[in-house]
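> Structure in structure tokens, see below.
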Amino acid sequence: TSPDNGLEASDALRVLNRVFGYKSFREGQQEIIDHVVAGHDALVLMPTGGGKSLCYQIPALVREGVGVVVSPLIALMQDQVHALTALGVRAGFLNSTQDHDERRLVESAFLAGELDLLYLAPERLRVDSTLRLLDKGTISLFAIDEAHCVAQWGHDFRPDYLALSMLHERWPAVPRIALTATATEATHGEIASRLNLREARHFVASFDRPNIQYRIAPKNEPRRQLLKLLRTEHPGDAGIVYCLSRASVDKTAEFLVESGIPALPYHAGLDARTRAANQARFLREDGIVMVATIAFGMGIDKPDVRFVAHLDLPKSIEGYYQETGRAGRDGLPSTAWLAYGLQDVVQQRKMIDTSEGDDAHRRRLGAHLDAMLALCETVECRRVGLLAYFGQKSTACGNCDTCLTPAESWDGTIAAQKLLSTVVRLARERRQKFGAGQIIDILLGKKTPKVAQFDHHSLSVFGVGTELSELEWRGVVRQLLAQGLLGVEGDYGTLVLTEASAEVLSRRREVSLRREPERPARAAKTRRA
Ligand code: ADP
Ligand code: ZN
């Protein structure tokens, strides 16, 4: 329905101006707000930093009653309530950190109609007393933030989110708005069905973040490469460095501190106090570098994060996009830099092989990884590949490494044949398993003790690959793994043939490879323009 919505639209705009102090709506916000103000359900897919919060905060202020917001993160909830209170909005939250008295205060404010917004942790809605409390007040809308937490195979699954489908049954007349920055078609569908939002209108914002420069570099000496990036391009800037393991978070943070960069660690192995203190410093002080596992970041609203660096390969494009999206929320030029190497591919494949769940689950994880690898190895614009993954067509962006320094591809068929035939030779030694290192030593004709021990210098392939450097050979291995022309098995990363390898060995298939860049891409000239 489209009311002659002059009144509603101007109410919304007035709230935007007077309460939030912003001049105009961002792309998409007005439509969503009008839709919810009119009492309809909405599923909102908007990138991180796009401005999702106003999409439910403003309708909650315009409509009669209290807007109930379900949010998975206690820290985020508290930040939002503080920020709203500072703007004069009557907001409160109920979660497990409160004692009885604090909770009672919020409850009586709710009952007295003295709240505009009430934030709840999802588990609160499984408590009967909360439901009875909500029954006694007037609810203007339900907002379900970080709605992808309901997706069972997603990276942030929260079992308590599954119970949220009951909101519709218990309060059928109250409009619901679900919001997320995670966005493949499959995830939309899962959110809509699990939250009982089949009738909801979908609002899909553009996923492009033009101010973020995407760069993916081969990983050689990750910490040195990182340090160089920070010193040359981001001195004094705030940023996030993601590592896969807690141990590498600790080591990397230590390394940066020793190098004179104010870095702090963040991972689930630190006690809650340290985590909260580090997060608070990151948010409040200037120029802090947070070194973290992916446990850090959801809901972090820091506008001036200038770079997000990944020292390990993310498991999926969705995760990568979400993490890099924390850079540059203020719209100023920012960098998303990822270093990835052979070891990442080996490690991730192994994690998938040994992961829990059924084969279908493992296949899904494998498909996620393949898409991520394809993005890493592309010779096309990174942004085009990234947006295509989210179903958006675009043209070369001019602000990613492959646009700035076009990647060359070369005919790697012969190199691939040399490498694969070495794998074949070694596979004959059934009891012994060899990883990429041994194979590259053989190709380069290096008579290492291990080569001598197994008599590998007498193989016909010994020394046939001196036209490439060791680094280039590692690139070949990595890219063959990424293309599925080579497989990896077991604890030591033993290289094995795949079905597709045979096509290369029998010359039925050509192999195109991306040339390893000598130097990192230069920065865009527009930085800080
Ligand atoms: P998201 O939840 O989508 O990641 P937020 O709702 O936190 O994003 O908004 C990101 C930032 O953009 C916040 O600092 C917010 O105040 C600001 N913002 C949102 N909408 C507008 C607007 N219409 N005009 C100016 N700034 C806005
Ligand atoms: Zn580009």
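Every number here is computed from the coordinates shown, using simple stated rules; none is lab data. The shown structure was predicted, so the numbers you read here are calculated from the model rather than taken from an experiment. Cβ placement follows ideal geometry from the backbone for every residue including glycine, while neighbour counts extend to all protein chains displayed.
> I need the calculated FRET efficiency for the pair VAL127 and ARG428, taking r as the beta carbon distance and R₀ as 45 Å, to the nearest 0.05.
Calculated value: 0.10.
> Just need the relative contact order of the chain here, percent rounded to a whole number, with Cα pairs under 8 Å and 6+ apart.
12
> Next question. Between the helical axis of 53-62 and the dominant principal axis of the chain, each derived from Cα atoms, what acute angle in degrees is found, rounded to the nearest 10?
10
> Order these by the 10 Å Cβ neighbour count, fewest first: LEU230, LEU111.
Exposure proxy ranking, most exposed first: LEU111, LEU230.
> How far is helix 185-194 tilted off the main Cα axis of the chain, in degrees rounded to 10, range 0 to 90?
40
> Can you give me the long-range amide H partners of VAL241? Hydrogens built in the peptide plane at 1.01 Å from N, cutoff under 5 Å, separation of 5 or more residues or another chain.
When sequence neighbours closer than 5 places are left aside, the close amide H contacts are MET290, VAL291, ALA292, ALA309.
> Quick one: of LYS350/LYS446; LYS219/LYS315; LYS219/LYS350, which pairs are farther than 22 Å apart, Cα to Cα?
Violating the 22 Å limit, Cα to Cα: LYS350/LYS446.
> Once you have a ≥ b ≥ c as the square roots of the Cα gyration tensor eigenvalues for the range 337-432, tell me rounded if a/c is under 1.5, and otherwise prolate or oblate according to whether a/b is larger than b/c.
Taking the square roots of the gyration eigenvalues as a ≥ b ≥ c, the range 337-432 is oblate.
> If you stretched the chain out fully between GLU27 and THR466, how much longer would it get, using 0.36 nm times the residue separation minus the C-alpha to C-alpha distance?
So the extension gain works out to 152.5 nm.
> Something else: Please compute the modelled spin-label separation between ALA109 and HIS82, points set 7 Å along Cα→Cβ, answer in nm with one decimal.
Here the answer is 1.5 nm between the modelled labels.
> Label-point separation (nm) for SER165 and ARG281, each offset 7 Å from Cα along Cα-to-Cβ?
Result for the modelled spin labels: 4.5 nm.
> Moving to a separate point now. Can you give the extra length, in nm with one decimal, that the chain gains between GLN152 and LYS450 once fully stretched, where that is 0.36 nm per residue apart less the Cα-Cα distance?
Going from the current span to full extension adds 102.7 nm.
> Next question. Hey, quick one: spin label on ASN220, modelled 7 Å out along Cα-Cβ, who in the range 357-399 has an amide N within reach, i.e. under 19 Å?
377
> Would you mind checking the tilt of helix 74-86 against the longest principal axis of the Cα atoms of the chain, expressed as 0 to 90 degrees and rounded to 10?
Tilt relative to the chain: about 50 degrees.
> Classify the range 221-308 as rounded, prolate or oblate, taking a ≥ b ≥ c as the square roots of the eigenvalues of its Cα gyration tensor: rounded when a/c is under 1.5, otherwise prolate if a/b is larger than b/c and oblate if not.
Taking the square roots of the gyration eigenvalues as a ≥ b ≥ c, the range 221-308 is oblate.
> For the range 12-68, what class follows from the C-alpha gyration tensor (a ≥ b ≥ c being the square roots of its eigenvalues): rounded when a/c is under 1.5, otherwise prolate if a/b is larger than b/c, else oblate?
oblate
> How high is the relative contact order of the range 324-481, in percent, counting Cα pairs under 8 Å that sit 6 or more residues apart?
It comes to 18 percent, rounded to a whole number.
> Once you put a point 7 Å from the Cα of GLU64 and another 7 Å from the Cα of ARG198, both along the Cβ direction, what distance in nm separates them?
3.2
> Using a simple charge model, +1 on the beta-carbon of Lys and Arg, -1 on the beta-carbon of Asp and Glu, nothing else, what dipole does the chain show about its Cα centre, in debye to the nearest 20?
1340
> Run down the aspartates and glutamates and flag those whose C-alpha is under 15 Å from the C-alpha of LYS433, throwing out any fewer than 8 positions away in its chain.
In chain and number order, the partners are ASP441, ASP455, GLU489, ASP491.
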